[in-house]
Amino acid sequence: MNLENLHHKKLFLFDIDGTLAVGDTLYDGSKQLLSHIDSIGGKSYFITNNSTKSGLDYVRKFEKSFGLQTTEDQFITSGYMTLRFLTEHYRNQKIYVCGTASFIAELRKNGLNITERCEDGIACVVVAYDSELTYGKLTEVSKVLFTMDVPFYGTNPDLRCPIDFGFIPDCGAICDMITATTDRVPTYLGKPNAEVVSLCLERSGFRPEETLVVGDRLYTDIACGINAGVDTCVLFTGEARPEDMSHTPFPATYAFENVCALLNACR
């Protein structure tokens, strides 16, 4: 690793769960690292595949749980990327969505025609990380995919979501269950889609060579940075482990034990 190049990074794109925090607990060094980025004239964005929260939800969580002041535009969620995609391609069409009530409400608030039932006129299917998942929802989405030849999208391919005791099933695990049932494979709209990074570059005005994607998961966070052609950093605070580095198809530019180690390397 050429650590000298880290001193030239100004745009930091952070995953949240398993990278900067877990649940309501901020990892040691996270607040100091974000402060350091501000002090060098840099910018932090938070690119999370958690679609259950909106940008405003995250602003409130960061203030209440972490004591951090942020702005809504700093949060690029898989839910937001899905909203952008659906608005561009399916604005005036009926969309079947399997997701939380808050995610569906956010889509409807932005003018999209959302249904949660198998009915005539559906143009596509979207499955999100759904902490309110029921067998009835799985039955309904299976019915749509079996009876209609429509595109199938997932908000993100993450198999598991970090939590204080370990992990719980994420959108990728839900979609795998649906794929095993219907033989339909989704197209994912969040990380590792390179558009997430492109949007942050456009908003911030920084150059790709000034950019670093930081995460704990290789096949989403690190793959996202690789797909976008920017440097990446994996932290071993979530899913990835040091032994994964020898055989991963998504090798990170940098690897550190935790946030504090990354902070020390950036100073």
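Its residues counted as N, region 79-188 yields a C-alpha radius of gyration over 2.2 N^0.38 Å of 1.01. The Cα trace of region 112-261 gives Rg and Dmax of 17.7, 54 Å, the first to one decimal, the second as a whole number. The residue list S204, C98, S51 was ranked by how far each Cα lies along the charge dipole of the chain toward its positive end, using unit charges on Cβ atoms, and S204 comes out on top. Compared with the dominant principal axis of the Cα atoms in the chain, helix 78-90 is inclined by about 50°. Modelled spin-label separation between A123 and N110, with each label point placed 7 Å from Cα along the Cα-to-Cβ direction: 1.5 nm.
State which entries of K61/K143; K43/K64; K94/K137; K64/K137; K61/K109 exceed 25 angstrom in Cα-Cα distance in the structure shown. Mind showing how you got there, number by number?
Values: K61/K143 36 Å; K43/K64 21 Å; K94/K137 17 Å; K64/K137 32 Å; K61/K109 21 Å.
Listed pairs above 25 Å: K61/K143; K64/K137.
Annotation: amide H of F75 within the under-5 Å range of F46, sequence separation 5 or more or interchain, hydrogens built in the peptide plane. Only beta bridges with both residues in the chain are counted; by DSSP, about 15 percent of them are antiparallel. With contacts taken as Cα pairs under 8 Å at a separation of at least 6 residues, the chain carries a relative contact order of 21 percent. Take S131, project a point 7 Å from its Cα along the Cβ direction, then tell me which residues of region 10-35 have their backbone nitrogen under 11 Å from it. Inside the label zone: 23-24. Report, in degrees rounded to the nearest 10, the 0 to 90 angle that the Cα long axis of helix 171-182 makes with the longest principal axis of the chain. It is inclined by approximately 30 degrees.
Summary value for region 196-267: 27 percent relative contact order, contacts being C-alpha pairs under 8 angstrom separated by 6+ residues.
What is the extension gain from T248 to N92, computed as 0.36 nm multiplied by their sequence separation minus the C-alpha to C-alpha distance, in nm to one decimal?
Working: separation 156, 0.36 × 156 = 56.16 nm, distance 4.13 nm.
Extra length from T248 to N92 when fully extended: 52.0 nm.
Per the Cα gyration tensor, region 1-82 maps to an equivalent ellipsoid with semi-axes of 22, 15, 12 Å, ordered largest to smallest. Entry for the chain at q = 0.07, 0.10, 0.15 Å⁻¹: log10 I(q)/I(0) = -0.24, -0.50, -1.07, Debye formula applied to identical alpha-carbon scatterers, no solvent contribution.
Remark: spin-label model distance E209-N258 equals 3.5 nm, labels positioned 7 Å along the Cα→Cβ axis.
Which FRET efficiency value, to the nearest 0.05, do you get for F146 and S39 by plugging their Cβ-Cβ distance into 1/(1 + (r/R0)^6) with R0 = 51 Å?
Efficiency, from the Cβ-Cβ distance: 0.40.
Quick note: the coordinates plus some simple rules give every number you see, no bench work behind them. Just so we're clear, the structure is a prediction, and the values are computed from it rather than from any experiment. Glycine gets a Cβ as well: all are built from the backbone with ideal geometry, and neighbour counts include every protein chain shown.
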